[in-house]
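K.L.:
Structure below; questions to follow.
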Amino acid sequence: MASSVLSAALNSLSPSYSLSSRQTHKGKPKIGGNALRFNKSFPNARSSGRVMAVAVNGSRFEGIPMAPPDPILGVSEAFKADTSDVKLNLGVGAYRTEELQPYVLNVVKKAENLMLERGDNKEYLSIEGLAAFNKATAELLLGADNPAIKQQRVATVQGLSGTGSLRLAAALIERYFAGAKVLISSPTWGNHKNIFNDARVPWSEYRYYDPKTVGLDFEGMIEDIKSAPEGSFVLLHGCAHNPTGIDPTPEQWEKIADLIQEKNHIPFFDVAYQGFASGSLDEDAASVRLFVARGMEVLVAQSYSKNLGLYAERIGAINVISSSPESAARVKSQLKRLARPMYSNPPVHGARIVADVVGNPVLFNEWRAEMEMMAGRIKNVRQQLYNSITSKDNSGKDWSFILKQIGMFSFTGLNKEQTDNMTNKWHVYMTKDGRISLAGLSLAKCEYLADAIIDSYHNVS
């Protein structure tokens, strides 16, 4: 009787669980070829009128394909697997000392000690984040005396570093600017397209990099922005363009602003390197401040991964500069509404570090000195790499683009086959678009890298 009840129950769930006389042993039901016997596998189970079936014939997730490795983070995984003594990891944009070791800023350590001394708790932050951080980050970006701040026209919400802040802004665009397109530079940081794809925001590219000059294709950039539909969002790198290291000149920024105003576009800045590119917080924010000073409504995503070395703290912000305090308040309310189901509220540790460093004059000055030191080391490495290449290469090729670029990256102009040679032959790990992170290079390794670049450029097509 029990066997017939179980058979009926299993048959009602799935044909693959039907029982035949060959699938029973001494009156104890056995499911398929898995030898799952109730009395042996579940010795404490009692017989009742209710039966539980266990599905074991395959995963519900069989239809999910394997994702490709991340083009940037995957470089580090390959580097770790390499056992060569001469290997170099120039893929990930993270600062290293001359000894190629990670660096925690001294000012960060002091800020963390302050937290311990105060006995700061770990309570939840509000959705918009730490108020002291939001005030400090907006003032750092725009200047404390900026009229937009004084007139309360800036909506600032703490985000999960630059990526999370961009993603929050993308959600705002998708919800309240239906059909609007985002213009993205070609090339751009590898995650930009992923962010807008996942937010279901359409995007297209504008010309930026000129492979013939290894410089800025300014005419192409202007032409593409001009031909875009009116009211498009134009994603701009505030400074130290990633991956090229090529920035517009101040005069070119003026012309870009003219065109964006003329076309009624909305400028959307990604500011990941303020103070880390030139060593000056004000100089690196000049492009953003130019647009805001013109009275334009602007979106700005910020990150403190590079300039404070807070890579793992995921601390950043999205700022929306609006034309009135009323619209800024509405925008902030909707950013909070979007953030709530995404991650509820942001982490507090990195926010307190930034607030303490920016808000304390002594720590702030120490931070500026450390930024100048880090930016200076990268500039020295850039110069030494140029010197090494030009002293070794007698082909007459112009390598001056290395010195014209700015920030932690250099766009070498190497193609995929040449970058493969860099890795396979020389154990130099870099992204396939030819970008190298000078922050991961030491003065002592410049000659070796120069040999690898010269060989790959001239001997691999």
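K.L.:
Please enumerate the residues belonging to segment 78-89 that are part of a loop (DSSP other than H, G, I, E, B) and touching a residue at least 24 places away in the same chain (Cβ under 8 Å). Can you show your working first?
P.N.:
Going residue by residue through segment 78-89, those that are part of a loop (DSSP other than H, G, I, E, B) are 82-87.
Within segment 78-89, Asp82, Ser84, Val86, Lys87 qualify.
K.L.:
Does Tyr386 satisfy being surrounded by fewer than 20 Cβ atoms within 10 Å (Cβ to Cβ) and assigned by the TED database to the domain that holds Gln158? Break it down into steps so the answer makes sense when it comes.
P.N.:
Values: surrounded by fewer than 20 Cβ atoms within 10 Å (Cβ to Cβ): yes; assigned by the TED database to the domain that holds Gln158: no.
Answer is no for this residue.
K.L.:
Counting only residues that are surrounded by 16 or more Cβ atoms within 10 Å (Cβ to Cβ) and among the hydroxyl-bearing types (Ser, Thr, Tyr), how many does segment 111-147 have?
P.N.:
Number satisfying all stated conditions: 1.
K.L.:
Return yes or no: is Glu99 over 27 Å from Leu216 (Cβ atoms), touching a residue at least 40 places away in the same chain (Cβ under 8 Å) and in the same structural domain as Tyr448 (by the TED database)? Break it down into steps so the answer makes sense when it comes.
P.N.:
Numbers: over 27 Å from Leu216 (Cβ atoms): yes; touching a residue at least 40 places away in the same chain (Cβ under 8 Å): yes; in the same structural domain as Tyr448 (by the TED database): yes.
Taking the combined requirement at face value, the residue satisfies it.
K.L.:
Of these, Glu326, Glu370, which one is open to solvent by 40 Å² or more (accessible area, probe 1.4 Å) and not aliphatic (A, V, I, L, M)?
P.N.:
Glu326
K.L.:
Next up: State whether the residues of segment 272-284 include one that is closer than 21 Å to Glu223 by Cα and in contact (Cβ under 8 Å) with a residue 24 or more places away in the chain.
P.N.:
Of all residues in segment 272-284, those closer than 21 Å to Glu223 by Cα come to none.
For segment 272-284, residues closer than 21 Å to Glu223 by Cα and in contact (Cβ under 8 Å) with a residue 24 or more places away in the chain: absent.
K.L.:
Also, quick follow-up: On the given criteria, is Ser395 surrounded by fewer than 16 Cβ atoms within 10 Å (Cβ to Cβ), touching a residue at least 24 places away in the same chain (Cβ under 8 Å) and within 18 Å of Thr213 (Cα to Cα)?
P.N.:
Details: surrounded by fewer than 16 Cβ atoms within 10 Å (Cβ to Cβ): yes; touching a residue at least 24 places away in the same chain (Cβ under 8 Å): yes; within 18 Å of Thr213 (Cα to Cα): yes.
Yes.
K.L.:
Just to be sure, is Gln151 in contact (Cβ under 8 Å) with a residue 24 or more places away in the chain and surrounded by fewer than 17 Cβ atoms within 10 Å (Cβ to Cβ)?
P.N.:
Working: in contact (Cβ under 8 Å) with a residue 24 or more places away in the chain: yes; surrounded by fewer than 17 Cβ atoms within 10 Å (Cβ to Cβ): yes.
It is true that Gln151 is in contact (Cβ under 8 Å) with a residue 24 or more places away in the chain and surrounded by fewer than 17 Cβ atoms within 10 Å (Cβ to Cβ).
K.L.:
Same structure again: When you go through Phe218, Phe276, Phe233 one by one, which is the residue that is modelled with pLDDT under 95 and either open to solvent by 10 Å² or more (accessible area, probe 1.4 Å) or over 16 Å from Glu139 (Cα atoms) (or both)? Let's see the steps before the verdict.
P.N.:
Details: Phe218 fails: modelled with pLDDT under 95; Phe233 fails: modelled with pLDDT under 95.
Selected residue: Phe276, the only one of Phe218, Phe276, Phe233 that is modelled with pLDDT under 95 and either open to solvent by 10 Å² or more (accessible area, probe 1.4 Å) or over 16 Å from Glu139 (Cα atoms) (or both).
Residues are listed down the side, and each one gets a yes or a no for (1) open to solvent by 10 Å² or more (accessible area, probe 1.4 Å); (2) outside any helix (DSSP H, G or I); (3) among the aromatic types (Phe, Trp, Tyr); (4) under 26 Å from Tyr273 (Cβ atoms):
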{"residue": "Ile406", "(1), (2), (3), (4)": "yes, yes, no, yes"}
{"residue": "Gly413", "(1), (2), (3), (4)": "yes, yes, no, yes"}
{"residue": "Glu417", "(1), (2), (3), (4)": "yes, no, no, no"}
{"residue": "Met422", "(1), (2), (3), (4)": "no, no, no, yes"}
{"residue": "Lys432", "(1), (2), (3), (4)": "yes, yes, no, yes"}
{"residue": "Ala444", "(1), (2), (3), (4)": "yes, no, no, yes"}
{"residue": "Tyr448", "(1), (2), (3), (4)": "yes, no, yes, no"}
{"residue": "Asp451", "(1), (2), (3), (4)": "yes, no, no, no"}
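K.L.:
Can you pull out every residue in segment 169-226 that is touching a residue at least 60 places away in the same chain (Cβ under 8 Å) and of a type in the set (Lys, Arg)?
P.N.:
Matches in segment 169-226: Arg175 only.
K.L.:
Please give the number of the condition Leu310 fails out of (1) within 21 Å of Ser185 (Cβ to Cβ); (2) at pLDDT 95 or above.
P.N.:
(1)
K.L.:
Residues Ala199, Ala144, Ala170, Ala148: which one is in the same structural domain as Ala240 (by the TED database), under 19 Å from Ala355 (Cβ atoms) and modelled with pLDDT of 95 or more?
P.N.:
Working: Ala199 fails: under 19 Å from Ala355 (Cβ atoms); Ala170 fails: under 19 Å from Ala355 (Cβ atoms); Ala148 fails: under 19 Å from Ala355 (Cβ atoms).
Ala144 is the lone residue from the list that is in the same structural domain as Ala240 (by the TED database), under 19 Å from Ala355 (Cβ atoms) and modelled with pLDDT of 95 or more.
K.L.:
Which numbered condition trips up Lys263, out of (1) open to solvent by 20 Å² or more (accessible area, probe 1.4 Å); (2) closer than 30 Å to Arg382 by Cβ?
P.N.:
(2)
K.L.:
When only residues in segment 90-121 that are in a helix (DSSP H, G or I) and not aliphatic (A, V, I, L, M) count, which is nearest to Gly434 (Cα to Cα)? Steps first, please.
P.N.:
The initial filter retains those residues of segment 90-121 that are in a helix (DSSP H, G or I), namely 106-118.
Within this subset, residues satisfying the condition of being not aliphatic (A, V, I, L, M) are 106, 109-110, 112-113, 117-118.
Details: Asn106: 33, Lys109: 35, Lys110: 38, Glu112: 38, Asn113: 41, Glu117: 46, Arg118: 47 Å.
Taking the candidates together, the pick is Asn106.
K.L.:
Look at segment 265-314 and say how many of its residues are under 20 Å from the mean Cα position of the chain (by Cα) and assigned to a helix (DSSP H, G or I).
P.N.:
5
K.L.:
Out of segment 182-214, which residues are outside any strand (DSSP E or B), open to solvent by less than 40 Å² (accessible area, probe 1.4 Å) and more than 17 Å from Asp70 (Cα to Cα)?
P.N.:
If the condition is that a residue be outside any strand (DSSP E or B), open to solvent by less than 40 Å² (accessible area, probe 1.4 Å) and more than 17 Å from Asp70 (Cα to Cα), then Ala199, Val201, Tyr208, Val214 are the ones that fit.
K.L.:
Inside segment 381-394, can you point out the residues that are at pLDDT 95 or above and among the polar types (S, T, N, Q)?
P.N.:
Our first condition is that a residue be at pLDDT 95 or above; within segment 381-394, this holds for 381-393.
Correct list: Gln383, Gln384, Asn387, Ser388, Thr390, Ser391.
K.L.:
Restricting the search to segment 81-110, which residues are among the hydrophobic types (A, V, I, L, M, F, W, C) and under 12 Å from Glu370 (Cβ atoms)?
P.N.:
In the first step, residues of segment 81-110 are kept if they are among the hydrophobic types (A, V, I, L, M, F, W, C); the result is 81, 86, 88, 90, 92, 94, 100, 104-105, 107-108.
Correct list: Val104, Leu105, Val107, Val108.
K.L.:
Follow-up. If Leu168 satisfies all but one of (1) aliphatic (A, V, I, L, M); (2) surrounded by fewer than 22 Cβ atoms within 10 Å (Cβ to Cβ); (3) touching a Gly at 6+ places or on another chain (Cβ under 9 Å), what's the number of the condition it fails?
P.N.:
So Leu168 meets the others, but not (2).
K.L.:
Going by what's in this entry, would Ile256 be described as hydrophobic (A, V, I, L, M, F, W, C) and part of a helix (DSSP H, G or I)?
P.N.:
Values: hydrophobic (A, V, I, L, M, F, W, C): yes; part of a helix (DSSP H, G or I): yes.
In short, yes.
K.L.:
Could you tell me which of the residues Val357, Val381 is surrounded by 22 or more Cβ atoms within 10 Å (Cβ to Cβ), in contact (Cβ under 8 Å) with a residue 40 or more places away in the chain, under 22 Å from Glu283 (Cβ atoms) and touching a Cys at 6+ places or on another chain (Cβ under 8 Å)? Steps first, please.
P.N.:
Working: Val357 fails: touching a Cys at 6+ places or on another chain (Cβ under 8 Å).
Only one candidate passes the filter, namely Val381.
K.L.:
Considering Phe233, Phe269, Phe276, which residue is more than 24 Å from Asp145 (Cα to Cα) and aromatic (Phe, Trp, Tyr)?
P.N.:
Details: Phe269 fails: more than 24 Å from Asp145 (Cα to Cα); Phe276 fails: more than 24 Å from Asp145 (Cα to Cα).
The match here is Phe233.
K.L.:
Out of Val75, Val104, Val92, I need the residue that is touching a helix residue (DSSP H, G or I) at 6+ places or on another chain (Cβ under 6 Å) and either open to solvent by 90 Å² or more (accessible area, probe 1.4 Å) or touching a residue at least 40 places away in the same chain (Cβ under 8 Å) (or both). Which one?
P.N.:
Numbers: Val75 fails: touching a helix residue (DSSP H, G or I) at 6+ places or on another chain (Cβ under 6 Å); Val104 fails: touching a helix residue (DSSP H, G or I) at 6+ places or on another chain (Cβ under 6 Å).
Within the list Val75, Val104, Val92, the selection yields Val92.
The values are calculated or read from the model by the stated rules, or taken from the named source; none is laboratory data. Since the model is a prediction, treat every value here as computed from it, not as a measurement. In this analysis, Cβ positions are derived from the backbone assuming ideal geometry, glycine residues included, and neighbour counts consider all displayed protein chains. Just so you know, the surface numbers come from the protein's heavy atoms only, side chains and all, with ligands and any DNA or RNA stripped out. Shrake-Rupley method; radii C 1.70, N 1.55, O 1.52, S 1.80 Å.
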